[in-house]
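Before any comments, here is the structure.
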Amino acid sequence: MLLRFSVCIAIACFVVPQLAQGGASNSLLDISGDGRLLAAVNRDNGSVSIVDLKASKVLHEIPVGAKPEGVTFVGRSHTLATTAYGDDKLVLLDADSGNKLGEVELFDEPYGVVSNADGTKLYVTLEFPGQVVEIDVASRQAIRTMNAGPFLRGVALAADGKRLYVTEYLTGAVVAVDLETGEKIDRWQGSASENLARQVALNPRRPKAYVPHVRSRTNLNQGEGSIVPFVSVVDTAAGEGRRRKPVPMDSFVSIFVVANPWETAVSPDGRLLCAVFAGTDDMYVCDVVDDDYTELAFKKLIRLGHNPRAVRFAPDGRTFYVYNTLDFTVVAYDSETFSKGETIKVCENPLGDENLRGKILFYSALQPMVGRRWISCASCHPDGDADGRTWQNPEGLRNTTALYGMAWTHPIHWSADRDESQDFEHTIRGQLMQGQGLIRGQVFEALDRPNKGRSLDLDALAAYSNAHKVPKSPFARHGLSEAATRGRELFFSKETRCAECHSGAYFTDSTPNRPFKLHDVGTGGDDPSEKMGPKYDTPTLLGIYRTAPYLHHGRATTLEEVLTTCNMGDRHGKTSQLSKSQIADLVEFLKALPYEDPEPQAKAAGLVKIEK
């Protein structure tokens with residue numbers, strides 16, 4: 001009774017009685033202020049499901065576009081806003097009728113979205129190029145764009161509506177934006193290894209923000225401690241360097257390890273925090289400690305379904321909901337007893353049985369994939385992206401690449417030491433993941449006999465890994481610019497010789513045919529730990545505008561550096577004779593890749609697509 005009394009007091013103090021505002025921090029879930037409706041974003045099939053919480057049934061499943069990543073109720077209404085990350089738009093919906101109300105086109109990769117209290121404004125983070133867009137709900141127009149930092153994802157709105165807090169995905173930093181001026185007014189940076197901060201949640205009664213993220217310890221090439229889960233607690237009343245406490249989740253409960261923290265939620269009274277871990281399929285419920293030191297204390301471990309990515313409290317604080325995204329279910333829990341309530345199927349599996357099984361394995365930090373729970377495939381390649389890191393591997397420094405278009409660009413790895421995705425069985429069984437593996441018996445050596453067909457699970461993992469398509473570049477949405485057109489002529493000219501290796505639909509001469517085409521571009525000697533160089537496989541250039549750093553060792557931080565300071569001797573294309581303006585034009589062309597779908601051209605050229 002005491003807990004529920006505290007919840008009621010908190011609601012009375014911080015929201016309008018009987019009618020709370022929807023979520024003011026980004027999430028894949030939101031609940032209407034009156035507690036009647038729940039909205040769940042279904043990333044894999046491009047829809048939003050509306051659930052009647054009293055009846056525990058889906059009222060509508062509404063198509064909204066590719067890869068929706070965030071949803072919010074608009075103020076205290078039943079209007080919804082959701083971000084279609086893959087289609088570069090915000091979609092407005094009527095949750096009661098299931099109808100679309102309108103769309104707002106955005107530049108690129110809208111991720112998080114929150115509403116102000118009266119429902120007049122929405123704030124959306126654009127992961128690329130790192131902006132916050134303010135949207136007027138009545139006119140459905142973007143009225144202001146604020147530059148807040150690179151690769152923004154998380155977003156939360158302060159209770160007084162005067163500040164936004166956003167997270168930099170690849171640095172873990174939290175940035176405060178003043179909404180009166182649109183300027184950055186504060187920044188809380190963690191250690192240099194902090195990474196993958198997708199979300200930020202605010203405490204409704206204290207000046208605290210909670211950020212789930214990892215630390216990527218790139219000098220380690222074994223599973224233990226290489227990718228460490230954290231929830232960092234930021235004191236929003238203090239500035240940079242003064243109050244940011246990282247709470248390690250791998251040692252939060254004795255030596256129990258969790259992996260891939262995805263999202264947190266704070267109860268309406270500010271006294272409970274839930275954190276879900278998408279790699280180990282579990283959740284911590286924590287007491288929020290008001291000592292400005294301990295911050296969080298363990299209360300309960302709850303085992304969840306496959307790949308939990310969201311958790312949300314009901315406005316009355318009595319229930320919280322968890323979204324197990326690869327079970328396609330939302331599950332209710334009592335926030336006093338933590339007992340499991342209704343399980344609601346929010347959509348059908350859109351992936352097919354094989355790809356679903358492969359995706360479950362890809363995200364799993366459990367056996368048979370992983371021995372000690374620290375790391376999954378998705379820890380470095382979440383949703384097929386790169387993690388922006390360069391790792392010290394046994395063979396040398398290796399920059400993480402995205403999986404986009406991998407089906408068309410075998411062999412795999414900078415060293416071309418994998419000729420099929422099934423060869424990742426060696427990684428699963430090796431020092432990094434230490435798993436039991438997916439093949440019964442001995443695994444064949446990479447580049448030897450095929451491991452394909454020896455395990456249904458391994459073939460499923462390969463099918464999912466090869467399923468990632470290349471998104472079109474936002475820099476060519478309206479065709480090539482004049483600068484990019486000039487750059488294209490330079491790229492394909494005999495003078496620069498760029499297209500000799502970066503050829504074809506995927507801008508690579510890499511094929512599964514032997515002998516593999518490896519090239520010495522003069523970078524092999526830059527790394528004293530290198531064991532397999534100096535020749536490397538040609539990476540695709542598609543999507544290169546957002547995958548810095550560059551080269552196998554990650555020494556080039558910009559595309560300009562690839563073409564200039566990291567191309568001594570003109571061994572990586574002949575560019576030393578180009579003027580600054582020509583280099584700039586060439587960079588504009590590279591940023592515009594891909595400006596058209598590469599698959600039709602690849603098929604017409606007879607390239608082989610390896611689907612699993």
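Every number in this text was worked out from the coordinates using simple rules, so none of it is lab data. The shown structure was predicted, so the numbers you read here are calculated from the model rather than taken from an experiment. Please note: Cβ atoms are built from the backbone with ideal geometry, for glycine as well, and neighbour counts cover all protein chains shown.
Taken over segment 2-350, the alpha-carbon convex hull comes to 125 cubic angstrom per residue. Adding -39500 (n - 2.57) for every DSSP H run of four residues or longer, then dividing by how many residues the chain holds, sets the calculated 222 nm ellipticity at -3500 deg cm²/dmol. Extending 7 Å from the Cα toward the beta-carbon at both Asn45 and Thr558 defines two label points whose distance is 4.6 nm. Between helix 353-363 and the chain there is an angle of about 80 degrees, using the helix long axis and the longest principal axis of the Cα atoms.
Ordering Ile50, Ser510, Asn260 by the projection of their Cα atoms onto the charge dipole of the chain, which places +1 on the Cβ of Lys and Arg and -1 on the Cβ of Asp and Glu, puts Asn260 at the extreme positive end. Relative contact order of segment 316-471, taken over Cα pairs closer than 8 Å and 6 or more residues apart, is 22 percent. Shown here are the Rg and Dmax of the Cα trace of segment 478-604, at 14.6, 44 Å.
Using r as the Cβ-Cβ distance of Ser193 and Ile255, and R0 as 25 Å, what FRET efficiency do you calculate, to the nearest 0.05? Could the numbers behind the result be given before it?
Numbers: r = 21 Å, r/R0 = 0.84.
The pair Ser193/Ile255 has a calculated efficiency of 0.75.
Counting only Cβ charges, +1 for Lys and Arg and -1 for Asp and Glu, the dipole size of the chain around its Cα centre is about 600 debye.
Here segment 111-227 has an Rg and Dmax of 15.2, 53 Å, counting Cα atoms alone.
Summary of the geometry: segment 542-570 and segment 335-400, compared by the centres of their Cα atoms, lie 29 Å apart. About its Cα centre, the dipole of segment 354-465 is roughly 360 debye, where the only charges are +1 on Lys and Arg Cβ and -1 on Asp and Glu Cβ.
Treating only the Cβ atoms of Lys and Arg (+1) and Asp and Glu (-1) as charged, compute the dipole magnitude of segment 176-270 about its Cα centre; round to the nearest 20 debye. Present the calculation step by step, with values, prior to reporting the outcome.
Numbers: 12 positive and 11 negative charges, 43 e Å.
Rounded to the nearest 20 debye, it is 200 debye.
Shown here are the Rg and Dmax of the Cα trace of segment 166-256, at 14.0, 47 Å.
Toward the positive end of the charge dipole of segment 289-359, with +1 on the Cβ of Lys and Arg and -1 on the Cβ of Asp and Glu, the farthest Cα among Asn349, Phe313, Val331 is that of Asn349. Please work out the FRET efficiency for the pair Glu482 and Glu348, using the Cβ-Cβ distance as r and a Förster radius of 56 Å; give the result to the nearest 0.05. FRET efficiency, Glu482 to Glu348: 0.75. Based on the Cβ-Cβ distance from Thr337 to Asp160, what FRET efficiency comes out when R0 is 35 Å, to the nearest 0.05? That pair, Thr337 with Asp160, gives E of 0.55. Using the alpha-carbon atoms, what tilt in degrees (0 to 90, nearest 10) does helix 456-465 show relative to the longest principal axis of the chain? Taking the Cα atoms of the chain, the angle to 456-465 is about 90 degrees. Under the criterion of Cα pairs below 8 Å and six or more residues apart, the relative contact order for segment 2-350 equals 11 percent. For segment 203-251, trypsin sites (Lys or Arg not before Pro) are listed when DSSP marks them as loop and at most 12 other Cβ atoms sit within 10 Å of their Cβ; the list is Arg242.
Considering only Gly149, Val132, Thr167, and ranking their Cα positions along the charge dipole of segment 121-168 that arises from unit charges at the beta-carbon of Lys, Arg, Asp and Glu, the one farthest toward the positive end is Val132. For the pair Thr427 and Asn221, label points projected 7 Å from Cα toward Cβ lie 1.4 nm apart. Within segment 84-179, the trypsin sites (Lys or Arg not before Pro) that combine a DSSP coil assignment with at most 16 other C-beta atoms in a 10 angstrom radius are Arg140, Lys162. In this rough spin-label picture, where each label sits 7 Å from Cα along the Cβ direction, the Phe492-Leu447 distance is 3.4 nm. Each principal axis of the Cα cloud of segment 354-465 was taken in turn, and the coordinate range along them, longest first, works out to 33, 29, 26 Å.
Of the trypsin sites (Lys or Arg not before Pro) found in segment 443-546, those that fall in a DSSP loop while having at most 11 other beta-carbon atoms within 10 Å are Lys494, Lys531.
What percent do you get for the relative contact order of segment 49-185 when only Cα pairs under 8 Å and 6+ apart count? Let's see the in-between values first.
Working: 361 pairs, mean separation 19.2, N = 137.
Once divided by the residue count of segment 49-185, the mean separation gives 14 percent.
Taking N as the number of residues in the chain, what is its Cα Rg relative to 2.2 N^0.38 Å?
Numbers: Rg = 24.1 Å, N = 612, 2.2 N^0.38 = 25.2 Å.
It is 0.96.
Taking the C-alpha atoms only, the angle from helix 2-14 to the longest principal axis of the chain is near 80 degrees.
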